[in-house]
Amino acid sequence: MTLFDRVINRKSTSSVKWDNLEMVYGEKDLLPMWVADMDFQPPEAVINALQHRLAHGIFGYTVIPNSTHEAIQEWEKKRHGWEIEQSWILYNHGVVPSLSLAILAFTKPGDNILVQSPVYTPFFTMTENNQRNIINCPLHLENNRFKIDFQEFEDALKNNVKLFFLCNPHNPGGRVWNREELIKIGELCKKYNVIIISDEIHGDLVAAPHKHIPIASIDESFLKHVVTCIAPTKTFNLAGLQASSMIVPNKELREKLAKVQEQQGFHTLNSFGIVGMEAAYRYGGEWLDQLLSYIHENIQYVKEVLEQKLPSIKVMVPEGGYLVWLNCRDTGYSDEEIKNRLLEIGRLALEPGTKYGLGGQGFVRMNLGCPKEIVQDGVSRLIKALS
Ligand SMILES: Cc1ncc(COP(=O)(O)O)c(C=O)c1O
């Protein structure tokens, strides 16, 4: 039995995944494999650091210490080979707030923002909530793998696009964009003077043979054009601490972001966000390596069982992250039928593919960041529902 095999009851912990089922699915008694957090405790060193901070008992206004900036620098260098300067780092309560912040800092109402569907829903909602327009350049599905058509990508950029929301690794599907693809993206965005907001929140969750490459790290000339959004929250399961950072080498862009943060009254993170972030980056490496092998086993298990028992569902094996994108088009069920059967027969809460825009039809997204016992239960429910 490993650390990750332990099933921990998360009910009544204000967990959106476990405690908000009725609100979202209209039913309570479902197995939740939807929202992208994991059912694992973070590294022990993180829990200890938080407990130590809690025991102190005073939670006044905070300042983010140099040691936290250093922990981020060391992490990026060690895990992703990227040397960043301390002055490039800004903080935020999450990557989604950073998307919105970038919209406010770099665009005006009515401006165009490029996305590649199917993609993480807030890429659309943050754009629309701020009265900006979506330009969509959908990904292509080839041999059950997402690809970018670079001619289409360039044509899309010609629509007076101001920002491109890059999702790397991509959610859903888990494509880890490779060096060649990232160079093409970077060169084209440079050519059309488009700022790249690179959401790399799943970037730590990549294991060999794949390699996460921060797009900004590829070429000196990209540094000026990229805002990289990272967080320890997905990697170490700390989403409730709401702590993230933006790496912004371009001073002009950084000042624009900082100015909007000032306007919003944002100054710092909460006591636990600071401590959790630093401890995770400092001491979480070994835990993460173990997690990655556990997730790999979960993904392989789901793939093998479905190949044997329900081959009409095709698993897109993620190159990064713990979310699997399941192609259910050959089951013959409509999206409505898939949804109803999962709820009524499977008693299983998955994310419907339609949430991710064009290209998501006929897919569901399943979260495998959980103990094997839950994965096994989830797959049997899925098979029962969609056979
Ligand atoms: C691509 C992507 N970006 C951002 C987030 C959430 O970011 P945060 O919780 O830091 O706002 C998620 C969570 O699932 C995600 O998949």
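Pairs from the table (LYS303/LYS384; LYS77/LYS256; LYS339/LYS384; LYS147/LYS339; LYS17/LYS355; LYS314/LYS384) lying more than 18 angstrom apart at Cα are LYS77/LYS256; LYS147/LYS339. Taking amide H as placed 1.01 Å from N in the peptide plane, the amide H of LEU114 sits under 5 Å from that of ILE135, LYS162, LEU163, PHE164, PHE165, each at least 5 places away or on another chain. Placing a pseudo-label 7 Å from each Cα along the Cα-to-Cβ vector at SER312 and SER221 gives an inter-label distance of 5.1 nm.
With contributions of -39500 (n - 2.57) from each DSSP H run of at least four residues, the per-residue ellipticity at 222 nm computed over the chain stands at -12500 deg cm²/dmol. Computed packing ranks the peptides 145-153, 186-194 as 186-194, 145-153, most packed first, by mean other Cβ atoms within 10 Å. In this structure, the amide hydrogen of PHE363, modeled 1.01 Å from its nitrogen in the peptide plane, lies closer than 5 angstrom to those of CYS328, GLY353, THR354, counting only residues at least 5 positions away or on a different chain. Between GLU85 and VAL260, full extension at 0.36 nm per residue minus the direct alpha carbon distance yields a gain of 60.8 nm.
Total lysine pairs in the range 176-245 at Cα distances under 25 Å, for residues eight or more apart or on different chains: 7.
Each label was represented as a point 7 Å from its Cα along the Cα-to-Cβ direction; for LYS77 and ALA208 these points are 2.3 nm apart.
Amide H contacts under 5 Å for ALA349: LEU31, MET33, restricted to partners 5 or more places along the chain or on a different chain, H placed in the peptide plane at 1.01 Å from N. Per residue, the accessible area of the chain comes to 44 Å² when a 1.4 Å probe rolls over the protein heavy atoms. The accessible surface of the chain, taken with every protein chain in place and a 1.4 Å probe, is 50 percent carbon and sulfur. Heavy-atom accessible area, probed at 1.4 angstrom with all protein chains present, ranks PHE106, PHE236 as PHE106, PHE236, highest first.
The values are calculated or read from the model by the stated rules, or taken from the named source; none is laboratory data. Predicted model only: the values in this text are computed from it and were never measured. Glycine gets a Cβ as well: all are built from the backbone with ideal geometry, and neighbour counts include every protein chain shown. These area figures cover heavy atoms from the full protein model, side chains too; ligands, DNA and RNA do not enter into them. Shrake-Rupley method; radii C 1.70, N 1.55, O 1.52, S 1.80 Å.
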